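The structure under discussion appears below in the form of structure tokens.
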Amino acid sequence: MAKHILIIGSPGSGKSVFGAALASAAGKRKKQTLLISGDSRISMLSFFCGNTDADGLGTLYAGEITSQRTADAIKILREFPNIGVMGFQIHERKRQEGTTAQIQQLYTVLDGMAEVVIWDGTSDWTDAFRTVMTAKAEVTACLLTADVKGLLYFKQYQDKIRRLTHCLLLEGLSKPYSLHEEMDVTIGGFDGILPFGREIERYVMEGNLFSILTCCHTRYRETVEHTLDDLLEGRMEK
């Protein structure tokens, strides 16, 4: 049985970077870890692993979900051999997205393949990926940007967020992406701890999102380590 962690939050709040950081921290503890990116609009698998012709979630959803087909769609990272990642590939954008039944089946298959499964969700509360994993995941991390966008997101979905059984609310873990917003007024949180702008774009274009972690502030890495302990051991308040 794996420990399933769902990451949700406002757009641009650093969900994917946070998911990669959690996976890296779990991998360093020798835990077999899977990072699953459910965003079909921005195909994150190529950003995690570099451009590859390997099939991802789009191909998996187009047929029967079995342990072997799922294993074939998982990319094991060479630099982090305890970590596997899976998501939509760029060439799969027009392929089938998962239904509720398919994602439930995927959850069952992955439950027996790793010790920790990190589900990198989207900001959309209506898609099947989010619907299934909101109910299935033992714990959830909700990230909010330290700006008005984050406040509005929380205001819109706070009732749903508060109903989650175990949810860790992380406010201000990242700054907005655009230069205009970075020059604007931000509130609270870990302002300036994550690399943004050209720095993050360079890593994304190189296809190695995990490398971003090497230039993260020590406070951010420490926060991720403490957060992983909280998520794995259930030391959270509702």
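Applied to the stretch 98-107, the Karplus parametrisation 6.51 cos²θ - 1.76 cosθ + 1.60 on θ = phi - 60° returns per-residue 3J(HN,Hα) values of x, 8, 4, 5, 5, 5, 5, 5, 4, 4 Hz, with x for Gly and Pro.
So how strong a dipole does the stretch 118-177 carry about its Cα centre when Lys and Arg Cβ are +1 and Asp and Glu Cβ are -1, to the nearest 20 debye?
Details: 8 positive and 7 negative charges, 31 e Å.
Charge dipole of the stretch 118-177: 140 debye, to the nearest 20.
Approximating the spin labels as points 7 Å out from Cα along Cα→Cβ, the residue 54-to-residue 96 distance works out to 2.3 nm. Pairs of lysine residues in the stretch 1-117 that meet both criteria, 8 or more places apart or on different chains and Cα atoms under 28 Å apart, total 14. Placing one equal scatterer on every Cα of the stretch 52-135 and applying the Debye formula, the log10 ratio I(q)/I(0) at q = 0.12, 0.13, 0.17 Å⁻¹ is -0.34, -0.40, -0.70. Figure note: 125, 119 ranked by solvent-accessible area, largest first, 1.4 Å probe, ligands and nucleic acids not counted: 125, 119.
Among residues other than residue 8 with Cβ under 10 Å from its Cβ, the summed charge is +1 (Lys and Arg +1, Asp and Glu -1).
Per-residue Karplus couplings for the stretch 68-74, computed as 6.51 cos²θ - 1.76 cosθ + 1.60 with θ equal to phi - 60°, are listed in order as 5, 5, 5, 4, 5, 8, 8 Hz, Gly and Pro entered as x. Sparsely packed loop sites in the stretch 59-142 (the trypsin sites (Lys or Arg not before Pro) outside DSSP H, G, I, E and B with at most 13 other Cβ atoms within 10 Å) comprise 78, 93, 94. Annotation: amide H of residue 55 has no partner in the under-5 Å range at sequence separation 5 or more or interchain, hydrogens built in the peptide plane. In this label model, residue 76 and residue 124 are separated by 3.3 nm, measuring between points 7 Å along each Cα→Cβ vector. Karplus-derived 3J(HN,Hα) values for the stretch 122-137, using 6.51 cos²θ - 1.76 cosθ + 1.60 with θ = phi - 60°, are 9, 8, 8, 8, 9, 6, 5, 4, 5, 4, 5, 6, 4, 7, 8, 5 Hz; glycine and proline are entered as x.
Scanning residues 5 or more positions from residue 34 or on other chains, those with amide H under 5 Å from its amide H are 84, 116, 117, 118, with H placed 1.01 Å from N in the peptide plane. Amide H contacts of residue 168 (H built 1.01 Å from N, in plane; Pro and chain starts excluded): 140, 141, 142 sit under 5 Å, all sequence-distant by 5 or more or on other chains. Projecting the Cα atoms of 87, 113, 158 onto the charge dipole of the stretch 66-163 (Cβ charges, centred on the Cα centre) puts 158 farthest toward the positive pole. Across all C-alpha atoms in the stretch 1-122, the radius of gyration and Dmax reach 13.1, 37 Å.
Can you compute the charge dipole magnitude of the stretch 1-119 about its Cα centre, using +1 on each Lys and Arg Cβ and -1 on each Asp and Glu Cβ, nothing else charged? Give it in debye, rounded to the nearest 20. Numbers along the way, then the final one.
Details: 13 positive and 10 negative charges, 76 e Å.
Using only the charged Cβ atoms, the result is roughly 360 debye.
The values are calculated or read from the model by the stated rules, or taken from the named source; none is laboratory data. Source: prediction; values computed, not measured. Every residue, glycine as well, gets a Cβ built from its backbone with ideal geometry; the counts of neighbours run over all protein chains shown. Ligands, DNA and RNA are excluded from the accessible area calculation, which covers all protein heavy atoms including side chains. Shrake-Rupley method; radii C 1.70, N 1.55, O 1.52, S 1.80 Å.
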